[in-house]
Amino acid sequence: MAALIRLSSRPSALSAAASRVAARCFASASASQATPTSSSAPLFAFSASSGSAGRKDAEHRNVQWVFLGCPGVGKGTYASRLSVLLGVPHIATGDLVREELSSSGPLSLQLKEIVNQGKLVSDEIIISLLSKRLEAGEAKGESGFILDGFPRTTKQAEILEGVMDIDLVVNLKLREDVLLEKCLGRRICSQCGKNFNVASINVKGENGKPGISMDPLPPPPHCMTKLITRADDTEEVVKERLRIYYEKSQPVEDFYRSQGKLLEFDLPGGIPESWPKLLEALNLDDYEEKQSAAA
């Protein structure tokens, strides 16, 4: 099935940029993974004087990408796969929030109330958590990143753009009824912390919308009896999260569309159908084959 891909304004420029990224990744993958680069300046500090690290020559650093999309669309799944393929850290702000929730830090009680009500965490909290994570990564020699779940507001986008040169923004899309089924099917192993999905989705096409089928992502046998449902994965909370996201997301999409950085990608199905089409849209389909051959 062909992917439904819509490029933002200046599609030829964006396609050329993606081609350069793919070429740069293949040329530098082995070196960057064997000997991580580091910088004396922090990767992500929110001050006027700290943007230089993010603005290193794009030909001499790894990719700096952002993944947008509704809760449950699969940002983490595809961002983590690209993270492994390109050798850059996948940084999900949702994971940062959950890590803080499980800690005994001063923010944990405040965050628990916000998350359980399906509300968005404030800019100040997200920026603080993200800044801390990127600075820790820089200290370990990390270069580049794929951000997942940030920015969610135009204010966050403006702050990020003020200190970082974002190369590409991938906006994953999926019809809302499928999103709801996916979210309600999510499960987490209480022991290893990995995410799975028990939903078997087979939605027929109607009113011009294509049908979509997605197989479950079941856990291995040793995780089967340890599955739990996230506290915020109830139908009421999921619908509220989607409502808030749609309300906030359009200005963010417009912000990056106006810069010619937005790649909109409608998921045609599950991972087997969507992954190769996403690589094709990113001009990375040949890169995966070259990397496998070089291994």
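Rule-based calculations on the coordinates, nothing more; no lab input. Remember, predicted model here, so these are calculated numbers, not experimental data. Positions of Cβ are generated from backbone atoms using ideal geometry, with glycine treated the same way; all protein chains shown enter the neighbour counts.
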request  = Rounded to the nearest 0.05, what FRET efficiency do ALA231 and ASP286 give with R0 = 41 Å and r taken as the Cβ-Cβ distance? Could you check?
outcome  = 0.45
message = Report D for segment 129-175 in µm² per second (integer): Stokes-Einstein, Kirkwood Rh on Cα pairs, 25 °C, 0.890 mPa s.
response = 201 µm²/s
ask   = How large is ³J(HN,Hα), in whole Hz, for each residue of segment 222-229 in order, when computed from phi with the Karplus curve 6.51 cos²θ - 1.76 cosθ + 1.60 and θ = phi - 60°, using x for Gly and Pro?
value = 6, 9, 4, 8, 10, 6, 10, 9
request  = Just order 122-132, 242-252, 173-183, 203-213 by mean Cβ neighbour count inside 10 Å, highest at the front, would you?
outcome  = 173-183, 122-132, 242-252, 203-213
query = What nm distance separates the two modelled labels at CYS192 and TYR246, each placed 7 Å from Cα along Cα→Cβ?
reply = 3.6 nm
query = In terms of modelled amide H atoms, which long-range or inter-chain residues lie less than 5 Å from the amide H of ASN62?
reply = GLY144
query = Of LYS75/LYS209; LYS173/LYS226; LYS140/LYS248, which pairs sit farther than 24 Å apart, going by alpha carbon to alpha carbon?
reply = LYS173/LYS226; LYS140/LYS248
request  = Describe numerically, in nm with one decimal, the distance between label points set 7 Å from Cα along Cα→Cβ at LYS132 and at LYS204.
outcome  = 5.1 nm
query = Under the Kirkwood approximation for Rh and a Cα-based Rg, what ratio Rg/Rh is obtained for segment 179-220?
reply = 1.12
ask   = Under 12 Å from the Cα of LYS194, which aspartates and glutamates turn up, not counting those fewer than eight places away in the same chain?
value = ASP95
